[in-house]
């Protein structure tokens with residue numbers, strides 16, 4: 001919950017919000033200490049998934065997942081695809097979605113193939129924020145990265161990858177980690193980290 005933004009506020013209110021046991025002392029409530037956080041997780045919701053991709057040649061039973069947003073399977077993320085091609089076919093993804101909150105977003109790019117190279121491009125509102133390639137030799141290789149995007153941004157994920165035998169292209173986009181759907185929201189900005197502290201610093205403060 002969030003503490004009130006005006007009116008009477010008490011040390012007991014702070015204790016309830018931030019889970020402090022008796023006895024209570026104002027010195028326990030500095031921001032960044034054991035009770036009052038500087039950030040809280042804030043869920044990001046994706047919407048308006050559009051675009052195209054090639055036919056996924058593996059089902060979920062074998063690790064194939066079509067592009068999807070707000071996922072819980074095979075993991076929690078804002079966006080996931082695990083697309084497979086085989087026997088010389090070309091796998092393609094060109095998908096776009098919108099996010100309802102801005103911040104820093106983390107991603108994971110995985111690639112499996114028989115000595116072939118695959119790219120990944122990520123664009124935000126039409127501007128490239130990541131481009132990279134990987135080569136894999138009968139195993140899965142991976143790389144991680146991050147980018148920033150404002151609320152409402154259109155995130156575009158693009159690849160075109162080859163196959164000889166099986167080839168799998170994985171992309172997960174999350175918030176504070178590639179495998180979650182939350183960003184770190186700054187909170188309790190009026191609460192000091194040291195020095196003079198008063199109850200009025202806690203108007204609008206929150207634990208979660």
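Please treat every number below as a calculation from the coordinates, not as lab data. These numbers come from a predicted model, not from an experiment. Quick reminder, even Gly has a Cβ in these numbers, built from the backbone with ideal geometry, and neighbours come from all protein chains shown.
Cα gyration tensor of the chain, axes a ≥ b ≥ c as square roots of the eigenvalues: rounded (a/c below 1.5), prolate (a/b > b/c) or oblate? Mind dumping the intermediate values first?
Numbers: a/c = 3.27, a/b = 2.89, b/c = 1.13.
Prolate is the answer for the chain, as a/c is 1.5 or above and a/b outweighs b/c.
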Practice task
For residue 25 and residue 48, calculate 0.36 nm times their separation in residues minus their Cα-Cα distance, and state this gained length in nm to one decimal.
Solution key: 3.4 nm
Completion exercise
Inter-part gap, Cα centre of the range 153-171 to Cα centre of the range 42-65, in whole angstrom, is 11
Problem - Choice from 82, 61, 134 with maximal GNM fluctuation in the chain (Cα, 10 Å cutoff) - result: 61
Exercise for the section: Divide by every residue of the chain the summed helix terms, -39500 (n - 2.57) for each DSSP H run of at least 4, and state the resulting mean residue ellipticity at 222 nm, rounded to the nearest 500 deg cm²/dmol. Expected result: -1000 deg cm²/dmol
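How much length is gained if the chain between residue 100 and residue 62 is pulled fully straight, taking 0.36 nm per residue apart and subtracting their Cα-Cα distance, in nm to one decimal? Can you show the working numbers first?
Numbers: separation 38, 0.36 × 38 = 13.68 nm, distance 3.21 nm.
Going from the current span to full extension adds 10.5 nm.
Write down the percent of antiparallel bridges among all DSSP beta bridges whose residues are both part of the range 1-103, to the nearest 5. Mind showing how you got there, number by number?
Values: 10 of 11 bridges.
Percent antiparallel among DSSP bridges in the range 1-103 is about 90.
Quote the FRET efficiency, to the nearest 0.05, computed for residue 40 versus residue 89 with a Förster distance R0 of 41 Å and r equal to the Cβ-Cβ distance. Present the calculation step by step, with values, prior to reporting the outcome.
Working: r = 45 Å, r/R0 = 1.10.
Plugging the Cβ-Cβ distance into 1/(1 + (r/R0)^6) gives 0.35.
Report the relative contact order of the range 45-180, percent, no decimals, based on alpha-carbon pairs under 8 angstrom and at least 6 residues apart. Write down the numbers at each step before the final one.
Values: 401 pairs, mean separation 44.8, N = 136.
Relative contact order of the range 45-180: 33 percent.
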Handout entry: Förster-model FRET efficiency, 45 Å R0, residue 55 and residue 151, C-beta, rounded to 0.05
Key = 0.85
Exercise for the section: Calculate the spin-label point distance for residue 142 paired with residue 73, positioning each point 7 Å from the Cα along the beta-carbon direction, and give it in nanometres. Expected result: 2.0
